[in-house]
Amino acid sequence: MTGTPAPAIRVEALRKRFGSQEVLRGVDLEIAPSELMVVIGRSGGGKSVLLRHLLGLVRPDAGRVIIDGQDVTTLHGQALDRIRERFGVVFQGGALFDSLTVLENILFPIRERRRLPAADLLPRAQEALAQVGLGEMGHKYPAEISGGMRKRVAIARALVTEPQVVFLDEPTTGLDPILVNSIHHLVVGLHRKFGFTAVMVSHEIPEIFQIAHRVAVLHEGRIHAVGTPEEIQGSSDPAVRRFIHGEVEEQAV
Amino acid sequence: MSGSLVLDSIQGLGRYGLDTLSALGRFGVFLAEALRWAAVPPFKARQALQRVWFVGLRSMSVILLTGAFTGMVLGLQGILMLQRVGSEAFVGPLVAIALVRELGPVLAALMVTGRAGSALAAEIGVMRITEQIDALTVMALNPMRYLVVPTLVAGVVALPLLAWVFDVVGIYGGYLVTVKLFGMSSGTYFGQIRAFLDTGDIWVGFWKALVFGLIITWVACYKGFHVGHGAEGVGRATTEAVVLASVLILVLDYVLGSVLP
């Protein structure tokens, strides 16, 4: 791993066990500022668990997660909240609040944080919604819009606070290939515009190779390989090849 | 072999005891944390009002219905029994004191448990499994403040009000049966209530309803927060919330009934 002098996120020897199953067995990963890093790996292989460690939602058994020089695995309360205020998170199902309209969902984080004057809130939220191409959908409830639209709203909500780091947990699960590409284009476009650091967990192979700056392969609880999309695609490592070419393992269930 | 069997069962018992204790501990810690957040401004009044609406006003029809019939049954049974001993004049106080001290708070609480407690546990459970609670957390907006505190406040505010509505409707239900059906004079009915029902009874009912309101919402929030996986987990959390809240209400009714003056 080359790594830059000051990575935005550094994961060191992260271990996590749930019951008898050790999901993370010493994950090491460095993510550079403004990089778009995509973590791939098998379903149930711990990608989302890794992401939840970066967000401070899960405490590891061992290891550290350094973001902006602070170890989020040991932070609590207000110190953790201050770091999280720099985050934008797109959860797997969108995690939009059912009881609020689309526009209220986007307003929620900026209104509750009280960093902006009240008059700026609504234009800001509307702008964020327009950026994801849903300017007309503000009055609808999450249940009334399609899955693809919900993901877009979730992206708008994650970005409305102008985060420095954006985490995306499988933002394209359950979408058709055209929508997958449109979400990817949206992420790339917004990434180019705002220059945030992005960590995306994804299944979408080979589509993610077109958008990622670097790709990390999580295999058997460790980062098995990290590299540019070309390096990963050209890898001769059997585990990486099996995974990206979708070959069934001998012992696979 | 039998030695290890004995040892195993002792270990099993010990583990069961420890698991129960730690569950109780988590349950208590959850409330303590909620109360701590309730003390830290800003208070989310809008969320609390929505919850009062949900727990309180939307339970109103079921409270009116059950209150009326409870009072009517009390009036009917009371007058039939008291007629045998020639003391039917006391049916008013019998209905009123039974309602105000016991049945109003308890039955209103059980109704709210069934209607709102289950719905709250399911709603919060769904928010948990669809990561809406995690979304609040990573927005640096504490779910205790935004979700749990307003719900607990709503329980504590709504239950005493609902219990009073239950009491009043029940007393008029008793009036309907004893005065309109059995021909007792309404002066006797209400006059005897005024003579025997004192403010102490009303306070007992108030404290009970307040505690039950806290129990219902506390259990519902806790079960919703600690939901298992998927739809089955939400279903189980809902059932557990209703059963646990109902049992706690009945147990605490006895405890409070014997402790309060």
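Bear in mind these aren't lab numbers, they're just calculated from the coordinates by the rules spelled out. Given the structure is predicted, the values throughout are model-derived calculations rather than measurements. Note: ideal-geometry Cβ built from the backbone for every residue, glycine included; neighbour counts use all protein chains shown.
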Checklist entry - Tell me, how many Å apart are the Cα centres for segment B:17-94 and for segment B:176-217? => result 15
Item to check | Cβ-placed point charges (K, R +1; D, E -1), dipole of the protein assembly as shown about Cα centre in debye, nearest 20 | outcome: 1080
Checklist entry - What is the distance, in nm, between label points placed 7 Å from the Cα along the Cα-to-Cβ direction at A:Ala119 and at A:Ser34? => result 3.4
Item to check | Simple spin-label estimate for B:Val259 and B:Val6 in nanometres, 7 Å along Cα-Cβ | outcome: 4.1
Next on the checklist: Just want the answer: with Cβ charges of +1 for Lys and Arg and -1 for Asp and Glu, which residue in B:Thr66, B:Val6, B:Phe43 is farthest toward the dipole's positive end in segment B:1-103?
Outcome noted: B:Phe43
Checklist entry - How large is ³J(HN,Hα) for each residue in segment A:93-101, as worked out from phi by the Karplus curve 6.51 cos²θ - 1.76 cosθ + 1.60 (θ = phi - 60°), to whole Hz, x for Gly and Pro? => result x, x, 6, 6, 6, 4, 7, 10, 6
Item to check | Neighbourhood net charge (12 Å Cβ-Cβ; Lys/Arg +1, Asp/Glu -1) for B:Pro93 | outcome: -1
Item to check | Computed helical MRE - 222 nm, chain B, DSSP H runs ≥ 4 contributing -39500 (n - 2.57), nearest 500 | outcome: -26500 deg cm²/dmol
Checklist entry - For chain B, what is the relative contact order in percent, using Cα pairs closer than 8 Å and at least 6 residues apart in sequence? => result 31
Item to check | Cβ-Cβ FRET estimate between B:Glu33 and A:Ser43, R0 fixed at 41 Å, reported to 0.05 | outcome: 0.75
Checklist entry - Taking the Cβ-Cβ separation of B:Arg84 and A:Phe194 as r and a Förster radius of 60 Å, what is the calculated FRET efficiency to the nearest 0.05? => result 0.10
Next on the checklist: What's the magnitude of the charge dipole for segment B:14-141 around its Cα centre, counting Lys and Arg as +1 and Asp and Glu as -1 at the beta-carbon? Answer in Debye, nearest 20.
Outcome noted: 140
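Let me confirm the definition first: pairs of Lys residues in the protein assembly as shown, 8 or more apart or on different chains, C-alpha distance under 21 Å. How many are there?
Close lysine pairs under the 21 Å cut-off: 4.
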Checklist entry - Counting only residues 5 or more places away or on other chains, whose amide H sits under 5 Å from the amide H of A:Ile9 once H atoms are built in the peptide plane? => result A:Ile31
Next on the checklist: I'd like to know which of A:Ala212, B:Gln192, A:Ile9 lies farthest towards the positive end of the charge dipole of the protein assembly as shown, counting +1 on Cβ of Lys and Arg and -1 on Cβ of Asp and Glu.
Outcome noted: B:Gln192
Checklist entry - Among B:Thr113, B:Thr188, which comes first, second and so on when ranked by fewest other beta-carbon atoms within 10 Å? => result B:Thr188, B:Thr113
Item to check | segment A:1-103 - percent relative contact order, Cα under 8 Å, separation 6 or more | outcome: 25
Next on the checklist: Going by Cα centres, segment A:141-215 and segment A:22-81 are how many Å apart?
Outcome noted: 19
Checklist entry - How high is the FRET efficiency from A:Arg111 to A:His213, r the C-beta distance, R0 45 Å, rounded to 0.05? => result 0.85
Next on the checklist: Please rank B:Ser59, A:Ser236, fewest neighbouring Cβ atoms within 10 Å first, as an exposure proxy.
Outcome noted: A:Ser236, B:Ser59
Checklist entry - Given +1 on the Cβ of Lys and Arg, -1 on the Cβ of Asp and Glu, and no further charges, what dipole in debye does chain B carry about its Cα centre, rounded to the nearest 20? => result 440
